[in-house]
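Chemist: Following this message is one structure expressed as C-alpha cells.
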Amino acid sequence: LSHFINPLNRAQEGFFRKIAFDSKLRQLARRAGLDLETVPPGNIPGEMIEQATKHALEITFAATPEANTLGRAVMTAYQHLPILTTVNPFPRFTTNALTFLWEFNPARLLSPAALRTMVRGTPEESAQVLSRALLGTGMLSTALAIRGSSLAGEKWYEVAIPGTDRRIDTRAFGPFNTYLLMAEGILHPDKLSVQDWA
C-alpha cells in the first residue's frame with residue numbers, strides 16, 4: 001500500500017539519494033587522487049562506495065541506526081511489534097530526524113561525547129561536530145527571529161509574506177520547520193497544543 005500511494009515520495013527520495021551518493025563519491029575520489037571518469041567502476045575502492053552509501057542514506061534519513069542507540073532500540077521494537085507501524089509507519093525516518101536535531105543543536109557541544117570527539121578526535125571529526133552544532137545554532141536563531149517578528153504567522157509553521165496577507169506553510173520544508181516549532185515552544189509555549197508537539 002505504501003508503495004502504491006507514495007510514488008512521488010519514493011521518486012524524490014531516490015533522486016536526492018543518488019545526488020548525495022554521487023557527490024560524496026566524487027569528493028572521496030578527488031581526495032584519493034582518482035579520476036572517476038577514467039577508473040572502471042569495478043576498480044573504485046569498496047570503502048569509498050560504503051562511505052558514499054552511508055552518506056546518501058544519512059542525508060535522506062534512511063540510515064539504519066547504529067548499535068547501542070535509542071534509534072536501534074526503536075527499530076528492534078518495530079521488528080518485534082509490526083503493529084507499531086499503524087502509529088508511525090516510518091520509524092527509521094523519525095529516529096534519524098531526531099538524531100539530526102540532536103547533532104545540529106547548540107546543546108550538542110555540551111555533551112561529553114562531543115567534547116571527547118573535539119579533544120581526542122581527528123581534525124575532520126572535530127570540525128564535523130563543531131560545524132553541525134553551529135549550523136543548528138544558526139537555524140534555531142533564524143527560527144527564533146522569525147517567530148518573534150512580524151513574519152510569524154498565526155500557527156508555528158506559518159511564515160508571513162511581507163506586504164501581503166499570504167502565509168507560507170513550512171511543514172514541507174524539513175528539517176527547518178522543526179526549528180520553527182522549537183522556537184515557538186521557547187517564545188510562546190502557550191500557543192502550542194499536544195497535537196502540534198506530536
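The values are calculated or read from the model by the stated rules, or taken from the named source; none is laboratory data. Since the structure is predicted, the reported quantities are computational estimates derived from the model, not experimental observations. Reconstructed Cβ throughout: ideal geometry from the backbone, glycine too, with neighbour counts over all protein chains shown. SASA here: full protein model, heavy atoms, side chains in, ligands and nucleic acids out. Shrake-Rupley method; radii C 1.70, N 1.55, O 1.52, S 1.80 Å.
Chemist: Rounded to a whole number, what % of the accessible area of the chain do carbon and sulfur atoms account for, probe 1.4 Å?
Modeler: Carbon and sulfur: 62 percent of the exposed surface of the chain.
Chemist: For log10 I(q)/I(0) by the Debye sum over Cα atoms at q = 0.09, 0.13, 0.18, 0.19 Å⁻¹, one of [x] -0.47, -0.96, -1.41, -1.43; [y] -0.54, -0.77, -1.17, -1.24; [z] -0.32, -0.67, -1.19, -1.29 was computed from the structure I shared and the rest are decoys. Which label?
Modeler: Here log10 I(q)/I(0) by the Debye sum over Cα atoms at q = 0.09, 0.13, 0.18, 0.19 Å⁻¹ agrees with entry [x].
Chemist: Right, another one. Where only protein heavy atoms count, and the probe is 1.4 Å, what is the accessible area per residue for the chain in Å²? If you can, show how the numbers build up before the last one.
Modeler: Details: 13420 Å² over 198 residues.
It amounts to 68 Å² per residue over the chain.
Chemist: Between the DSSP loop rule and a limit of at most 16 other Cβ atoms within 10 Å, which GluC sites (Glu not before Pro) in segment 112-166 are left?
Modeler: Taking segment 112-166 and a limit of 16 other Cβ atoms within 10 Å, the loop GluC sites (Glu not before Pro) found are E154.
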